[in-house]
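Single-structure report; data block below.
The values are calculated or read from the model by the stated rules, or taken from the named source; none is laboratory data. Since this is a predicted model, take the numbers as computed values, not measurements. Cβ coordinates were reconstructed from backbone atoms using ideal geometry, including for glycine residues, and neighbour counts include every protein chain displayed.
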Amino acid sequence: MDQLNKHIQLDDHKSELKKDTKSDRQEEIKGDNLSLDDIKEEDKLDDLKESSGDSSIDSNIEILNQDEIDENKENVIEVENKIKITVERNDSYSQSMFLDRSLDRSKTSIDDLSFSQKTLIKSCSLRSLITELVNDEIMIDKSELSKDLDESQKEKFFQIIRAIKQEDNDKKVEQLKELCITDQGLILSDLRRIVWPIITNSHHINPNHQPDHETIINHPMYNQVIQDVNRTIKRFPPSIEKEERLSKEKQLTDLIMRILIENPRFYYYQGYHDICITFLLLLGEEKAFHVVNKVSNTHLSQFMEETMNSTQLLLEIIPIVIEREDRELSQFLNRIEVGTIFSLSWILTWFSHILVNNRNVERLFDIFLATDFRLPVYFTISILLHHREIILSKEQDMAIVFQCLIGLLDEEDEFPFELLLRQGLELMDKHRPETLLSEQKRRMSIQQKKEEDLRSEYWMKKNKPICLM
């Protein structure tokens, strides 16, 4: 009798959940622009599931199978606590879609995308769908995915999910990096939250000790970090509340200072905050710390040295490759001595400082994380070569050409990112960085000699002796 009462209590609990859900659906009719017929159809499906003995309750509830209930029948409260809301709304990516859950979950495979049994149709957010796909084996009909994804994106979506579920970690990383490189990268921010920590090998790192406030504010680079963080307002979504923005700015400051304290050899550079805020906004503070810490020790390490010598050497790749690919453009740029300074902020910030659309920033981060740290340099070269006609049409004046160059990404919505990223990869394969090192050093030596001569000339003019008659 006690066991029967416990099952009755559980059934009553389910009924209450169902009533609450139907009431909520009525409240959402106007917001979701659903017709009364649509609501009735969904109610019919609910009644059908109940009458057929289907153990599934509302679409927003993670269902326990009968075995789980039997195992926990001695403690109904424990069972009830396992029933939890799994769908969370995300304004950026909330979309209507349908999925079928197999009655026999043990036979379901993410690699098998056909339907075996249709048992449940539900509406959920994209983030919830991705979470369930990664953590469970769920059958999805590709044709029912969000209408915002075209056919190639839908196919890639499943390729990414399959790669994430790859058991061999080396193969998983290799496949995910390849997907980061190919057209459109990881497609969605929600997928990036999962993949970026994996490809940087920072997804299984335990939280480390956070420095106290006194240690942070006494760090020699703290004031410079604060100044740069205070200038990051344009990197936040326009709709963000001031209080939330200020909270994120504090998190950004703490994130950067943790990196610097964790790595005493690092020197902060202007623009590093643009890199960090991209990871912070996407991953949250703790995950961002581990990813940025890894990336700072690999892709960004040359920028974080005490001097800019390594960075300057890296930038010398630009004129070398331009000369080999387009002699006319090379001669034009050399005549006006525009140098490579125009591209410094692009490369130091992975273009996150210059771009407005965060989706474009994230797309670039996909491929930069998955490839050689010098790809941003080759991407810069592909931009110059692509816009050669615009550059060559300008008057041979350094100020005019400089303004032209820094404005090449202004038309961001029309910018051919995928084309130029592919060309950047091709250029890097054609002109391997290792083979350019001696030429880089030669050019850098010449440039340094010119700078020394200019300083000497300036000093001589300033300290010219006065001839007394």
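Summary of values
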quantity: Enumerated helices (runs of 4 or more DSSP H) restricted to the stretch 329-432, each holding at least 3 residues that are closer than 30 Å to Leu186 by Cβ; calculated: 344-348, 358-370, 375-386, 417-430
quantity: Test: residue in the stretch 323-335 that is over 30 Å from Pro197 (Cα atoms) and buried (at least 20 other Cβ atoms within 10 Å of the Cβ); calculated: yes
quantity: Among the residues listed as Ser239, Ser247, the single one being assigned to a loop (DSSP other than H, G, I, E, B) and among the small types (Gly, Ala, Ser); calculated: Ser239
quantity: Residue, nearest to Met304 (Cα to Cα), within the stretch 194-225, restricted to residues that are among the hydrophobic types (A, V, I, L, M, F, W, C) and surrounded by fewer than 17 Cβ atoms within 10 Å (Cβ to Cβ); calculated: Met221
quantity: Residue selected from the stretch 136-186 under the condition of a type in the set (Gly, Ala, Ser) and at pLDDT below 90, by the criterion surrounded by the fewest Cβ atoms within 10 Å (Cβ to Cβ); calculated: Ser143
quantity: Failed item, numbered, when Ile187 is tested on (1) part of a helix (DSSP H, G or I); (2) touching a residue at least 24 places away in the same chain (Cβ under 8 Å); calculated: (1)
quantity: Residue match in the stretch 336-347 (condition: under 27 Å from Lys234 (Cα atoms), modelled with pLDDT of 95 or more and either in the same structural domain as Met221 (by TED's automatic domain parsing) or among the β-branched types (Val, Ile, Thr) (or both)); calculated: yes
quantity: Output for the stretch 294-316, where each listed residue is surrounded by 20 or more Cβ atoms within 10 Å (Cβ to Cβ) and in a helix (DSSP H, G or I); calculated: Val295, Ser296, Phe303, Leu314, Leu315
quantity: Contacts under 6 angstrom Cβ, first residue in the stretch 400-414 being assigned by TED's automatic domain parsing to the domain that holds Trp350 and surrounded by 12 or more Cβ atoms within 10 Å (Cβ to Cβ), partner in a helix (DSSP H, G or I) and of a type in the set (Phe, Trp, Tyr), 6 or more apart; calculated: Phe402/Phe342; Leu405/Phe342; Ile406/Phe342
quantity: Test: residue in the stretch 258-268 that is more than 26 Å from Thr371 (Cβ to Cβ) and in a loop (DSSP other than H, G, I, E, B); calculated: yes
quantity: Whichever residue in the stretch 256-293 is among the basic types (Lys, Arg) and under 26 Å from Ser189 (Cα atoms) and, among such residues, is surrounded by the fewest Cβ atoms within 10 Å (Cβ to Cβ); calculated: Lys287
quantity: Residue check for Asp228: surrounded by 18 or more Cβ atoms within 10 Å (Cβ to Cβ), of a type in the set (D, E, K, R), assigned to a helix (DSSP H, G or I) and modelled with pLDDT of 90 or more; calculated: yes
quantity: All positions within the stretch 163-184 that are farther than 18 Å from Ser152 by Cβ and part of a helix (DSSP H, G or I); calculated: Ile164, Asn169, Asp170, Lys171, Lys172, Val173, Glu174, Lys177
quantity: Checking Glu241 against (1) touching a Ser or Thr at 6+ places or on another chain (Cβ under 6 Å); (2) modelled with pLDDT under 95, the condition it does not meet; calculated: (1)
